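K.L.:
Once you've had a glance at the structure underneath, I'll fire off some questions.
The values are calculated or read from the model by the stated rules, or taken from the named source; none is laboratory data. Source: prediction; values computed, not measured. Backbone-built Cβ (ideal geometry, glycine too); neighbour counts: all protein chains shown.
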Amino acid sequence: MSQAFAYPWPGPQTTARACLRAHIGCMQNSPQTPNPFLMFFQFASEMSCSFLAPGASAASASGPSMTETHPDYSVYAPPSAALAGAPLLVMLHGAGQDPADFAAGTAMNEAAQRHGFVVLYPAQLARHSAQRCWNWFDAAHQTRSHGDAARVAALTLKVARDFAVDADRIYAAGLSAGGALAALLGELFPDIYAAVGVHSGLAARAGTDLSSGLAAMRGVARMPSAPSGVPTIVFHGDKDTVVSPLNASQVMEAAVGPACDHENEEHIAADGRRSTRRIYLREGLGCGEHWTLHEGGHAWSGGRAAGSYADPLGPDASEEMLRFFAQRRRNGAASPVENARRRRAVSVA
């Protein structure tokens, strides 16, 4: 993790279990269903807690205010969004976070204001997880009919109707446990989501119970499956000690398959952070991106100190995700932005 962080905790001598209890508190979903994030930290007692950043309360969060706030979700609709037909992004927080904290740390409302996106922030409720952890690792939550994925999909459709968004431009993104749920939504509901973004997360069904979820977080390879074909953009730090960076490659393989053509670009942000952007191509068109954040840890790239799990060093994951989403519509149709780009390319030629 970059030296740009100011960590309020001691180093590795402070056990990860103590840090987790004090700050995230992702203790368990029920007495019978411990959360694998907690179990991982219990096994890795020498792990530093430096991937954490102090959380932000709703009162201290910076950026544009939410348009609507409810117990189970918040919505931001920027003034720049069209009265009807705007794109919708579903943003899924990580363990221990809430919509206000996640919006503050990612600065997604500011990015949405610039690009005209409506943003839905579902909130995990205590009755589903005592410490607001999405149940990405539980087979009972990995179906279209019930569980976390089904609830978020139903909420997505409700907000899509309420705000009259473009039904072909709905996207899901998330961090950590939220990233794992975003990947699952893309696989389960391709009839709703046109593309997904996964930051420091895991592939759909990387775990189906506690032991397999824990193994996936450590980097145990998942069984190969037929690629979903869902356009996917991934960000993952190569020094992430919470969710193994191997998971980023597994997310991409689950989306585009192991043999998809690709090309690499090396980037250096203005702050000096190096990253590698791997662009996956199908029939010459981009179908996915994998950003490897060199020396990056378990935090949202280009984030703000107002929220937790936020790395101030670039690239700006919020901006890059909106760029990626703006080029894609459901069922593979080009978006208005992409159509305009293609017309400009033809005119220049």
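K.L.:
I need every pair where a residue in segment 134-156 that is part of a loop (DSSP other than H, G, I, E, B) has its Cβ under 8 Å from the Cβ of a residue that is surrounded by 13 or more Cβ atoms within 10 Å (Cβ to Cβ) and among the basic types (Lys, Arg), sequence separation at least 6 or different chains.
P.N.:
Listed pairs, sorted by first residue: GLN142/ARG205.
K.L.:
Can ALA164 be described as surrounded by fewer than 24 Cβ atoms within 10 Å (Cβ to Cβ), of a type in the set (A, V, I, L, M, F, W, C) and either modelled with pLDDT of 95 or more or touching a Leu at 6+ places or on another chain (Cβ under 9 Å) (or both)? If you could, list the steps in order and put the result at the bottom.
P.N.:
Details: surrounded by fewer than 24 Cβ atoms within 10 Å (Cβ to Cβ): yes; of a type in the set (A, V, I, L, M, F, W, C): yes; either modelled with pLDDT of 95 or more or touching a Leu at 6+ places or on another chain (Cβ under 9 Å) (or both): yes.
Yes.
K.L.:
Separate question: If you check ALA226 against the conditions, is it farther than 20 Å from GLY147 by Cβ, surrounded by fewer than 24 Cβ atoms within 10 Å (Cβ to Cβ) and out of contact with any Pro (no Cβ under 6 Å at 6 or more places or on another chain)?
P.N.:
On the way: farther than 20 Å from GLY147 by Cβ: yes; surrounded by fewer than 24 Cβ atoms within 10 Å (Cβ to Cβ): yes; out of contact with any Pro (no Cβ under 6 Å at 6 or more places or on another chain): yes.
It is true that ALA226 is farther than 20 Å from GLY147 by Cβ, surrounded by fewer than 24 Cβ atoms within 10 Å (Cβ to Cβ) and out of contact with any Pro (no Cβ under 6 Å at 6 or more places or on another chain).
K.L.:
If GLU266 passes every condition in (1) of a type outside the set (A, V, I, L, M, F, W, C); (2) assigned to a strand (DSSP E or B); (3) within 17 Å of GLU295 (Cα to Cα); (4) within 19 Å of the chain's Cα centre (by Cα) but one, which one does it miss?
P.N.:
Result: GLU266 fails condition (4) only.
K.L.:
In addition: Please go through segment 207-224 and give me each residue that is over 20 Å from the mean Cα position of the chain (by Cα), within 16 Å of LEU246 (Cα to Cα) and part of a loop (DSSP other than H, G, I, E, B), ordered by number.
P.N.:
Those that are over 20 Å from the mean Cα position of the chain (by Cα), within 16 Å of LEU246 (Cα to Cα) and part of a loop (DSSP other than H, G, I, E, B): VAL220, ALA221, MET223, PRO224.
K.L.:
Same structure again: Out of all the residues in segment 234-262, which are part of a strand (DSSP E or B) and modelled with pLDDT under 95? Quick ask: steps written out before the conclusion?
P.N.:
Residues of segment 234-262 part of a strand (DSSP E or B): 234-237, 261-262.
ASP261, HIS262 - these are the residues of segment 234-262 that are part of a strand (DSSP E or B) and modelled with pLDDT under 95.
K.L.:
Then there's this: Could you tell me which of the residues LEU181, LEU175, LEU155 is surrounded by fewer than 19 Cβ atoms within 10 Å (Cβ to Cβ) and either in contact with a Cys (Cβ under 7 Å, 6 or more places away or on another chain) or under 23 Å from ALA100 (Cβ atoms) (or both)? Talk me through it step by step, then tell me what you get.
P.N.:
On the way: LEU181 fails: surrounded by fewer than 19 Cβ atoms within 10 Å (Cβ to Cβ); LEU175 fails: surrounded by fewer than 19 Cβ atoms within 10 Å (Cβ to Cβ).
Answer to the check: LEU155.
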